[in-house]
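Report on the following structure.
Here, each number is a calculation from the coordinates, and none is a lab measurement. Please read these numbers as outputs of a predicted model, since none were measured by experiment. Please note: Cβ atoms are built from the backbone with ideal geometry, for glycine as well, and neighbour counts cover all protein chains shown.
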Amino acid sequence: MAAVKIIKVLGTSTESWEDAAREAVAQASSTVENISGIEIEDWTASVEDGEITAYKATVEIAFPVQNE
């Protein structure tokens, strides 16, 4: 059985929560190899003057532990 490591990454977007989650995965994939799945832990947003200005997605990213 393989071991899996999970990290949390916060993605942000001015467009949507879905884009924020995609951004989290895109940023993580630049330094993490073999991402095998994600789980959205939380959706939040920044608000100014009654309008959402930034969507935020806290994403748990899973990838296999590498034996060196």
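Couple of notes before you dig in:
- In this calculation the C-beta distance from Ala45 to Ala3 is compared with R0 = 30 Å, giving a FRET efficiency of 0.30.
- Taking the chain and dividing mean pair separation by its residue count, relative contact order in percent (alpha carbons under 8 Å, at least six apart): 45
- Look at (i) 29, 10, 7; (ii) 18, 13, 11; (iii) 20, 13, 11: the one that is semi-axes √(5λ) of the Cα gyration tensor in Å derived from this structure is (i).
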